[in-house]
Ligand code: DGJ
């Protein structure tokens, strides 16, 4: 190559690299004053309007690279009753200028002024991050809006940093992370999750109507009752895998609120952040408050596609070990077998039995510490109970290791029983209002983690526990919600900061523990699924889905769970039968198949098992290990939903490379001898050949031993299931 050619070649190479880096995901068009964010199959755009306010313009499927949206123009409303502040959707609206809808931010200044109008000041783009500064029109209060985009899934992350640049303190009465605006339409349908203890993640589905649907927790933590997630479909396709769906999840484990509002102009917006109920954050001069992140995404493949995108996003961007989290080990947990009655000998006997069936992690639950005989005493006293473990935990841990398993331990760090040494020494460490009764729940009170001394104590004992013992896993429990959420040790106008500081300290403890003990994995448990959200999942590897381990109830709970969360974090144990809230007998196969749809655990009392039970368990655990990567991290298709009293339910999980699919099918009860509906599979390579392997005994019926992806998806699968509480499962393996 001649010298000239070489130079020319280098110029071309660099200019192509330059164009490549320039084709970044976030752009600002100077002329139209429009921001455009692209990622995955999604475009999100908003502009600076003629009033200098930030106005949403578009959120949906990815637009052509040269398509323009905007510019943004203030909407003047249609009557004197609809002022421009309310009729012009904004990205992040202050309460001011006569806003009647949910503001993103509401502030009271010391002079009584409560008007806040936020205008664009400047912006900064840095790779996948955009920061825009807004400022009130006269007061020196700024809001830095942060946007991130995940290039693969198109999931956006939004949050706000509020800074007091005035010379006096101000009071934040309401602060959202973001407001999401949908395109103008009147046929939106909302999905959200409700529940209660032992009955979490029930899917609700209803039209978005004029007015506000409020989903929230006022409990100090995420709560079983609502989960900080929503999805909204345009129309009501009734089909899992078609239709436009917008969705969002708030990364916050404290009191939170999401409102879904259709205003008088038929604009639909979703606003989420700290729950304004009892909220009040005093911001001193130069102090900042950074809100949690509200994630939002869009799918053109229905609610099923929305869940799959969110699962992928959680695995790659939220989970502490992402983007390639280790598969969850099959665990054994002692709780349902022994409750508080744990002893060294009893645990070792269970461990021996668990190891024989292929369990990889042995977890000792509640009862091992302080004076813990039942739930009346011991919480707060995190020393090993010498009566139960005369030589500490080491002999048990060594035994578990010698059996080829790692060891996990239950803790409930944020709680204290009044009957404990800790409480006797530090009665002021709990949330309380001075001179008022301290309402107990499960005979316990909540330690005020917002206090630095409490934070240090909690970190200290956990750090010591993990330093002195070879512990691979903590089950971090939290068994009540707040009452009397006072913080008498600080000035009255600082006390409500507890709603923020508590959770910030919780996160900081988890973060620091993980940094110091990088091999330790953590489960978020709150009497089951009371603390499941994208905030806690940044620091925890899995969650306890529900204290309800009835395998039939679990089908509904688990189905709802997967609308918002990846099945890889969804712990599901095989427990005793009959047991659970319904005391209903179920076969061991049925119990296993229900649990194998998530991350498998065993919680049965193995001392009650027959040889046949051990053989079944050993076989099914081995089968689970064949499919767990697919179940935990693959693409989930809900083939038949168990909701609304359905007689059947079925799921399919497909591995990322489409080489494996795992199918689970359940029948509640046959009626009139109708056949099981044909299952049409998804996500396979049409032209590839897939071999069928039964996970449980082959049910009746004629299924080919091998067929193309086109066959499994197009022709479908007829399963011969009849009777009550029947279940079957198979996997398909792509021929090599
Ligand atoms: C509630 C949890 O959800 C259970 O699994 C168990 O760990 C108990 N707490 C122990 O007290």
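The values are calculated or read from the model by the stated rules, or taken from the named source; none is laboratory data. This structure is a prediction, so every number in the text was calculated from the model and none was measured. Virtual Cβ from ideal backbone geometry, glycine too; neighbours counted across all protein chains shown.
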The lone exception for residue 493 - which of (1) outside any loop (DSSP other than H, G, I, E, B); (2) out of contact with any helix residue (DSSP H, G or I) (no Cβ under 7 Å at 6 or more places or on another chain); (3) within 16 Å of the ligand (Cβ to nearest atom) it fails: (3)
Answer with yes or no whether residue 122 is outside any loop (DSSP other than H, G, I, E, B), more than 31 Å from the chain's Cα centre (by Cα) and closer than 20 Å to residue 91 by Cβ. yes
State all residues of the stretch 555-585 that are over 22 Å from the mean Cα position of the chain (by Cα) and either under 23 Å from residue 225 (Cβ atoms) or away from the ligand (no atom under 16 Å from the Cβ) (or both); if no residue qualifies, say none. 577, 578, 580, 581, 582, 583, 584, 585
Return a yes/no flag: does the stretch 238-253 have any residue that is closer than 24 Å to residue 158 by Cβ, assigned to a loop (DSSP other than H, G, I, E, B) and under 17 Å from the mean Cα position of the chain (by Cα). yes
Pairing a residue in the stretch 459-478 that is at positive phi with any residue that is in a loop (DSSP other than H, G, I, E, B), where Cβ atoms lie under 6 Å and the two sit 6 or more apart in sequence or on different chains, gives none
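Being in contact with a strand residue (DSSP E or B) (Cβ under 7 Å, 6 or more places away or on another chain) and surrounded by fewer than 21 Cβ atoms within 10 Å (Cβ to Cβ) is the requirement here; does residue 280 meet it?
Working: in contact with a strand residue (DSSP E or B) (Cβ under 7 Å, 6 or more places away or on another chain): yes; surrounded by fewer than 21 Cβ atoms within 10 Å (Cβ to Cβ): yes.
Yes: the conditions hold for residue 280.
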Of the residues 370, 380, which single one is surrounded by 21 or more Cβ atoms within 10 Å (Cβ to Cβ) and within 16 Å of the ligand (Cβ to nearest atom)? 380
Can you pull out the residues in the stretch 588-627 that are under 22 Å from residue 349 (Cβ atoms) and not in a helix (DSSP H, G or I)? 600, 601, 602, 603, 604, 605, 609, 610
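Taking the stretch 714-736 as the region of interest, how many residues are over 15 Å from residue 590 (Cβ atoms) and surrounded by fewer than 19 Cβ atoms within 10 Å (Cβ to Cβ)?
Within the stretch 714-736, the first condition is being over 15 Å from residue 590 (Cβ atoms), and the residues that meet it are 714-718, 720, 730-736.
Keeping just the survivors that are surrounded by fewer than 19 Cβ atoms within 10 Å (Cβ to Cβ) gives 714-716, 718, 720, 733-736.
Residues that pass the stated criteria total 9.
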Residue 444: passes all of (1) within 16 Å of the ligand (Cβ to nearest atom); (2) loosely packed, with under 14 Cβ neighbours inside 10 Å but (2)
Identify, please: which residue in the stretch 532-554 is within 11 Å of the ligand (Cβ to nearest atom) and either crowded, with 24+ Cβ neighbours inside 10 Å or within 18 Å of residue 315 (Cα to Cα) (or both) and is, among those, nearest to the chain's Cα centre (by Cα)? 543
Tell me which residues, restricted to the stretch 393-410, are away from the ligand (no atom under 16 Å from the Cβ), over 17 Å from residue 360 (Cβ atoms) and under 33 Å from the mean Cα position of the chain (by Cα). 393
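Per-residue answers, yes or no, for (1) part of a strand (DSSP E or B); (2) free of Cβ contacts under 8 Å to residues at least 40 places away in the same chain:
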residue	(1), (2)
398	no, yes
408	yes, no
433	no, no
446	yes, no
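Return yes or no: is residue 665 within 30 Å of residue 363 (Cα to Cα) and assigned to a strand (DSSP E or B)? Working first, answer last.
On the way: within 30 Å of residue 363 (Cα to Cα): yes; assigned to a strand (DSSP E or B): yes.
Considered against the rule, which asks whether it is within 30 Å of residue 363 (Cα to Cα) and assigned to a strand (DSSP E or B), residue 665 comes out as yes.
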Looking only at the stretch 190-231, count how many residues are over 18 Å from residue 565 (Cβ atoms), touching a strand residue (DSSP E or B) at 6+ places or on another chain (Cβ under 8 Å) and buried (at least 19 other Cβ atoms within 10 Å of the Cβ). 3
Restricting to the stretch 336-353, name every residue that is part of a helix (DSSP H, G or I), surrounded by fewer than 22 Cβ atoms within 10 Å (Cβ to Cβ) and within 12 Å of the ligand (Cβ to nearest atom). 336, 338
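Taking the stretch 101-119 as the region of interest, how many residues are under 22 Å from residue 50 (Cα atoms), surrounded by fewer than 20 Cβ atoms within 10 Å (Cβ to Cβ) and in contact (Cβ under 8 Å) with a residue 60 or more places away in the chain? Explain how you work it out, then say what you get.
First, pick out the residues of the stretch 101-119 that are under 22 Å from residue 50 (Cα atoms): 101, 103-105, 115-119.
So of that shortlist, the ones also surrounded by fewer than 20 Cβ atoms within 10 Å (Cβ to Cβ) come out as 115, 119.
Next, from what is left, pick out any that are in contact (Cβ under 8 Å) with a residue 60 or more places away in the chain: 119.
Selection size over the stretch 101-119: 1.
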Filter the stretch 622-647 for residues that are closer than 26 Å to residue 675 by Cβ and without any contact (Cβ under 8 Å) to a residue 40 or more places away in the chain; the one that is surrounded by the most Cβ atoms within 10 Å (Cβ to Cβ) is 640
Might you let me know whether the stretch 318-333 holds any residue that is outside any loop (DSSP other than H, G, I, E, B), under 28 Å from the mean Cα position of the chain (by Cα) and more than 16 Å from the ligand (Cβ to nearest atom)? yes
Among the numbered conditions (1) under 30 Å from residue 559 (Cα atoms); (2) in contact (Cβ under 8 Å) with a residue 40 or more places away in the chain; (3) buried (at least 21 other Cβ atoms within 10 Å of the Cβ); (4) away from the ligand (no atom under 16 Å from the Cβ), tell me where residue 510 comes up short. (2)
How many residues, within the stretch 695-715, are closer than 28 Å to residue 553 by Cβ and modelled with pLDDT of 95 or more? 2
Of all residues in the stretch 513-531, how many are part of a loop (DSSP other than H, G, I, E, B) and within 16 Å of the ligand (Cβ to nearest atom)? 4
State which residue is surrounded by the fewest Cβ atoms within 10 Å (Cβ to Cβ) when the search covers only the stretch 41-56 and only residues that are out of contact with any helix residue (DSSP H, G or I) (no Cβ under 8 Å at 6 or more places or on another chain) and not in a strand (DSSP E or B). 50
Take the stretch 354-366 and flag every residue that is more than 19 Å from residue 412 (Cα to Cα) and within 16 Å of the ligand (Cβ to nearest atom). 361
Would you be able to tell me the number of residues in the stretch 560-587 that are outside any strand (DSSP E or B) and touching a residue at least 60 places away in the same chain (Cβ under 8 Å)? 15
